[in-house]
Amino acid sequence: MNTLYFEKISRFDRQAEPVTVSIPFAPGKLTDPRALVIRDGDAALPAQCRVLATWPDGAHPAGGGIKWLLVHLQLDLPGNADKTLRFEITDAAPEPEPKPQATIKVIETPDGIVVDTGPLSFLVPNVGFLPIRDVQLDGVPLLWGETPFTGFTLRYDGQEVSSASGPVALEIEEAGPLRAVILVKGKHRRPDGTAYLDLRGRVTAYAGKSYVEVEHQFIHAEEAAELSLEAIELAFAPQGGENARLALGQGYYRTAIEES
């Protein structure tokens, strides 16, 4: 029996927790991701799969097949306990795909890409890497203003560049049903508007969740041999609202949260 094992991650129950695993297969073992069934007990789980690598056609008499498969799931993880799933490859016609409780929507617009997780919706704009704007929670615009984030700022050698302006190229890397990933490519810009230092970012959102993950990468491909990085900043400047509260969390296995 093939199994997927998850160690305890919290003393609290985690409902529909997004998890990602990469599963290797022998040559000829799996040729169609739809033939893979992952079960929690007897129940088949909805999965979002992407082939990462394949075997060459001559690696097995039945054909090369899939070498590595990336699988996204949403699991109910118990508090103070581990969990084991099992997976199998069906030789018969694939079972009807189980329907996830929540799905994610991705819509391309003239202003950028709109992502709707169910409770959360936002725009990844095609001007600047802010990274998101026009945020709504349960269909209601938050009292932050349209652009609460002002982009990433880098300070180096006494100079400053920002990701807040200039056109960026957007690419939908994944579009659901369980998660969406938007790739952003562009340039940081100096205060006078000139481009300096490439940027590459990702915004990842999950079906049914009210949070996003943001990745920001700067790439030094300029003529200068070295740059001395002094600071990286993502500014959050909400507009309006009274009695504002701020919570900062730091950690991985155990998160400490401070509130003002």
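The values are calculated or read from the model by the stated rules, or taken from the named source; none is laboratory data. None of the values given here were measured: they were computed from a predicted structure. Positions of Cβ are backbone-derived with ideal geometry, glycine not excepted, and every protein chain shown enters the neighbour counts. SASA here: full protein model, heavy atoms, side chains in, ligands and nucleic acids out. Shrake-Rupley method; radii C 1.70, N 1.55, O 1.52, S 1.80 Å.
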- Qualifying residues in region 129-148 (those that are among the hydrophobic types (A, V, I, L, M, F, W, C) and more than 18 Å from the chain's Cα centre (by Cα)) - the one surrounded by the fewest Cβ atoms within 10 Å (Cβ to Cβ): V140
- Within region 35-54, can one find any residue that is assigned to a strand (DSSP E or B), touching a Lys or Arg at 6+ places or on another chain (Cβ under 7 Å) and open to solvent by 50 Å² or more (accessible area, probe 1.4 Å)? yes
- Query: Which of the residues that make up region 237-260 are in a strand (DSSP E or B) and open to solvent by less than 90 Å² (accessible area, probe 1.4 Å)?
  - Reply: A247, G249, G251, T255, A256
- Take the residues of region 6-34 that are surrounded by 14 or more Cβ atoms within 10 Å (Cβ to Cβ) and either aromatic (F, W, Y) or on the phi > 0 side of the Ramachandran plot (or both): which is modelled with the lowest pLDDT? G28
- Within region 205-218, is even one residue touching an Asp or Glu at 6+ places or on another chain (Cβ under 6 Å), under 27 Å from L73 (Cα atoms), surrounded by 10 or more Cβ atoms within 10 Å (Cβ to Cβ) and hydroxyl-bearing (S, T, Y)? no
- Note on the structure: Within region 55-75, restricting to residues that are surrounded by 14 or more Cβ atoms within 10 Å (Cβ to Cβ) and more than 26 Å from P98 (Cβ to Cβ), the one that is modelled with the highest pLDDT is W55
- Options T90, T117, T103, T153: the member that is open to solvent by less than 40 Å² (accessible area, probe 1.4 Å), hydroxyl-bearing (S, T, Y) and in contact with a Gly (Cβ under 8 Å, 6 or more places away or on another chain): T117
- Task: Say whether the condition of being under 21 Å from F218 (Cβ atoms) and at pLDDT 95 or above is met by at least one residue in region 138-150.
- Result: no
- Among residues of region 209-229 being among the hydrophobic types (A, V, I, L, M, F, W, C) and outside any loop (DSSP other than H, G, I, E, B), the residue farthest from G128 (Cα to Cα) is L229
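Can V124 be described as touching a His at 6+ places or on another chain (Cβ under 8 Å), open to solvent by less than 60 Å² (accessible area, probe 1.4 Å) and closer than 23 Å to P238 by Cα?
It is false that V124 is touching a His at 6+ places or on another chain (Cβ under 8 Å), open to solvent by less than 60 Å² (accessible area, probe 1.4 Å) and closer than 23 Å to P238 by Cα.
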